[in-house]
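To start, the structure itself, in structure tokens.
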């Protein structure tokens, strides 16, 4: 499934490239104001921090929320105390777009993550052109030379790579490229099964100086507390925030992670 999602995202990017060539996107990317400092926003603190996600749907859960106004949703996240905003830009299964990211970036003062299946330099450049401050790189979807190349390009453009892992081998690969923002996703992207304890098993193997992010399997304040106790600096949350009142839910989650 991960391979299919990545191939589809690359195919869609190639379609966009026909109407917006690489040199045009690169020029737009280089003309953007400097990216917001995501590492400072997500730096370890005496309480957990939250990346709140604008997410309409997923392959595992189907439709979650219509979110007709992603900018408004993101503004509620900022009001609720989120430290960064994640925007799903994949269109086929997650019903997102780069237009969502652009709208969110204009509406909030927080760093904004492009969450997609990134596998080409073109996708990294269009992320910066759309205003992204962070870019998700999924280790399982990329061979090591390409992972290193894209990681370097994200940094070269002034953004922060969020490197997502699912196993000890992938954590080691993330460390090998010098990743300093590392996520552990509890969702297996092949089977979509959840393992909430995966973060705890891998946390001690994450680089000591890396910001440690727990992803997926967060529906209640107890889940946030569980991740915080296991060593998470940051928790990325989507479904629970788009299916409940985002402000009160964020307050409860932040309280649980204090």
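Restricting to the stretch 191-213, what's the tally of residues that are farther than 23 Å from residue 1 by Cβ and surrounded by 16 or more Cβ atoms within 10 Å (Cβ to Cβ)?
6
Mind checking whether some residue in the stretch 146-160 is crowded, with 20+ Cβ neighbours inside 10 Å, in contact (Cβ under 8 Å) with a residue 40 or more places away in the chain, over 24 Å from residue 15 (Cα atoms) and touching a helix residue (DSSP H, G or I) at 6+ places or on another chain (Cβ under 7 Å)?
Within the stretch 146-160 (the criterion being crowded, with 20+ Cβ neighbours inside 10 Å, in contact (Cβ under 8 Å) with a residue 40 or more places away in the chain, over 24 Å from residue 15 (Cα atoms) and touching a helix residue (DSSP H, G or I) at 6+ places or on another chain (Cβ under 7 Å)), the answer is yes, since at least one residue qualifies.
Go through (1) more than 15 Å from the chain's Cα centre (by Cα); (2) in contact (Cβ under 8 Å) with a residue 40 or more places away in the chain; (3) closer than 24 Å to residue 79 by Cα; (4) not in a helix (DSSP H, G or I) for residue 248 and report which single condition fails.
With (1) more than 15 Å from the chain's Cα centre (by Cα); (2) in contact (Cβ under 8 Å) with a residue 40 or more places away in the chain; (3) closer than 24 Å to residue 79 by Cα; (4) not in a helix (DSSP H, G or I) applied to residue 248, the lone miss is (4).
Only residues in the stretch 26-50 that are farther than 15 Å from residue 258 by Cα count as the first member; pair them with residues that are part of a helix (DSSP H, G or I), Cβ under 7 angstrom, at least 6 apart or cross-chain, and list the lot.
Pairs found: 26/125; 28/129; 29/125; 29/128; 29/129; 32/128; 32/129.
Name every residue in the stretch 164-190 that is part of a loop (DSSP other than H, G, I, E, B) and either surrounded by fewer than 17 Cβ atoms within 10 Å (Cβ to Cβ) or within 18 Å of the chain's Cα centre (by Cα) (or both), in order of residue number.
Matches in the stretch 164-190: 166, 167, 178, 179, 180, 186, 188, 189, 190.
Report yes if some residue within the stretch 31-41 is buried (at least 23 other Cβ atoms within 10 Å of the Cβ) and under 25 Å from residue 212 (Cβ atoms); otherwise report no.
Within the stretch 31-41, one or more residues are buried (at least 23 other Cβ atoms within 10 Å of the Cβ) and under 25 Å from residue 212 (Cβ atoms).
I'd like to verify a number: residues in the stretch 30-44 that are within 19 Å of the chain's Cα centre (by Cα) and in a helix (DSSP H, G or I), how many?
5
Among the listed residues 52, 65, 71, identify the single one that is touching a helix residue (DSSP H, G or I) at 6+ places or on another chain (Cβ under 7 Å), modelled with pLDDT under 95 and either in a strand (DSSP E or B) or more than 25 Å from residue 232 (Cα to Cα) (or both).
After applying the criteria, what remains is 65.
Would you confirm whether any residue within the stretch 12-26 is in a helix (DSSP H, G or I), within 15 Å of residue 88 (Cα to Cα) and at pLDDT 95 or above?
Yes, there is a match, as at least one residue in the stretch 12-26 is in a helix (DSSP H, G or I), within 15 Å of residue 88 (Cα to Cα) and at pLDDT 95 or above.
The values are calculated or read from the model by the stated rules, or taken from the named source; none is laboratory data. In this text, all values refer to a predicted model and were calculated from it rather than measured experimentally. Positions of Cβ are generated from backbone atoms using ideal geometry, with glycine treated the same way; all protein chains shown enter the neighbour counts.
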